[in-house]
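Below you'll find the structure, written out as structure tokens, and then a few comments.
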Amino acid sequence: QVQVVESGGGLVQPGGSLRLSCAVSGSIFSITTMGWYRQAPGKQRDLVADITSGGITNYADSVKGRFTISRDNAKNTVYLQMNSLKPEDTAVYYCNANVYYRYRYNMDCWGQGTQVTVSS
């Protein structure tokens, strides 16, 4: 099986920064796209940012210029650096990885979610 473990969430003041980490382990042949999603109470889960195995990134308009996604392929880990945080960024953040567990067999794997709260 595949495990997805997230860390780095917490409480910060507006304008502050947090760095989320997500490590994927288990039966991994390769990982294509990795990404971060978020869900606030009463709202749908939306894409924040994702990154391909080759390093191509994609961001939601609401976080462009403030958030940076990166990955370490050797460690099967994806990061989300969040700067200039706003109260509107408050949500549960979920890590997603498209994992090939054997040749030509892939699946979407999700983390448990980590709470990010931006408040004074």
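The values are calculated or read from the model by the stated rules, or taken from the named source; none is laboratory data. Every value quoted in this text rests on a predicted model; they were computed, and no experiment measured them. Here the Cβ is made from the backbone with ideal geometry for all residues, glycine too, and neighbour counts use every protein chain on show. Surface accessibility is based on the protein's heavy atoms, side chains included, excluding ligands, DNA and RNA. Shrake-Rupley method; radii C 1.70, N 1.55, O 1.52, S 1.80 Å.
Checked against the criterion of being of a type in the set (Lys, Arg), over 14 Å from the mean Cα position of the chain (by Cα) and closer than 17 Å to VAL99 by Cα, the range 69-78 has at least one qualifying residue. Count of the range 1-51 residues, restricted to those that are assigned to a strand (DSSP E or B), over 16 Å from the mean Cα position of the chain (by Cα) and of a type outside the set (A, V, I, L, M), is 2. Set side by side, the residues SER84, SER62, SER120 differ, and just one is out of contact with any Ser or Thr (no Cβ under 9 Å at 6 or more places or on another chain), assigned to a loop (DSSP other than H, G, I, E, B) and within 23 Å of GLY16 (Cβ to Cβ), which is SER120.
Across the range 27-44, the number of residues qualifying as under 22 Å from LEU80 (Cα atoms) and surrounded by 12 or more Cβ atoms within 10 Å (Cβ to Cβ) comes to 12.
Scanning the range 66-81 for residues that are surrounded by fewer than 19 Cβ atoms within 10 Å (Cβ to Cβ) and assigned to a loop (DSSP other than H, G, I, E, B) returns a single hit, ARG66.
Scan the range 46-65 residue by residue and report those that are open to solvent by 50 Å² or more (accessible area, probe 1.4 Å) and in contact with a Lys or Arg (Cβ under 7 Å, 6 or more places away or on another chain). Result: ASP46, single match.
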